[in-house]
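For reference, the structure is listed below as structure tokens.
The values are calculated or read from the model by the stated rules, or taken from the named source; none is laboratory data. It should be emphasised that the depicted structure is a prediction, and the values quoted were computed from it without experimental measurement. Counting neighbours? That spans all protein chains shown, and the Cβs are built from the backbone with ideal geometry, glycine included. The protein model used for the area step is the full one, side chains on, heavy atoms only, and it has no ligands, DNA or RNA in it. Shrake-Rupley method; radii C 1.70, N 1.55, O 1.52, S 1.80 Å.
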Amino acid sequence: MRKKELYTAVGRFERRTNRCGQTHPVILLGGNEYMADLQEMALWTSLNWRIARRKEIRALYERTVSPSGFTAQRPLDACIDRLLARGLLVRGTGETDFDALYDLLAPLYVIPMENS
């Protein structure tokens, strides 16, 4: 039987302003700031507060970027793998969807805004 996989984005989006007054997006996670390029930010945003299978991620991503006309040079799978390696996306696996969901959510926790 093939293992089931589910994915979601973790962290919190913030906008930062540099000395020149230009803003840029960052993802805060575990007390660290992570810069993301446009494709990574669109993918992360597509999965923020969503849980999806890998094959569903492309449709969510396309819905996010299609109004802007943005096209990326890197394959979407490479972007997913990079965000997974950086810890900004997490994956749960299991024999059933329930097992995959449990594996995905068990290590996660919510930090109230005033304590983050």
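Results for (1) crowded, with 17+ Cβ neighbours inside 10 Å; (2) closer than 21 Å to residue 4 by Cα; (3) among the hydroxyl-bearing types (Ser, Thr, Tyr); (4) in contact with an Asp or Glu (Cβ under 8 Å, 6 or more places away or on another chain), shown as yes or no for each residue.
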site: 62; (1), (2), (3), (4): no, no, no, no
site: 68; (1), (2), (3), (4): no, no, yes, no
site: 92; (1), (2), (3), (4): yes, yes, no, yes
site: 99; (1), (2), (3), (4): no, yes, no, no
site: 107; (1), (2), (3), (4): no, yes, no, no
Given (1) open to solvent by 60 Å² or more (accessible area, probe 1.4 Å); (2) under 20 Å from residue 25 (Cα atoms), identify the lone condition not met by residue 75. (2)
Output the residue which, of all residues in the stretch 20-60 that are hydroxyl-bearing (Ser, Thr, Tyr) and part of a strand (DSSP E or B), is least open to solvent (accessible area, probe 1.4 Å). 34
Selection from the stretch 58-84 of residues closer than 12 Å to residue 42 by Cα, within 14 Å of the chain's Cα centre (by Cα) and in contact (Cβ under 8 Å) with a residue 24 or more places away in the chain yields 76, 79, 80, 83
Need the failing condition index for residue 87 against (1) free of Cβ contacts under 8 Å to residues at least 24 places away in the same chain; (2) at positive phi, just the number. (1)
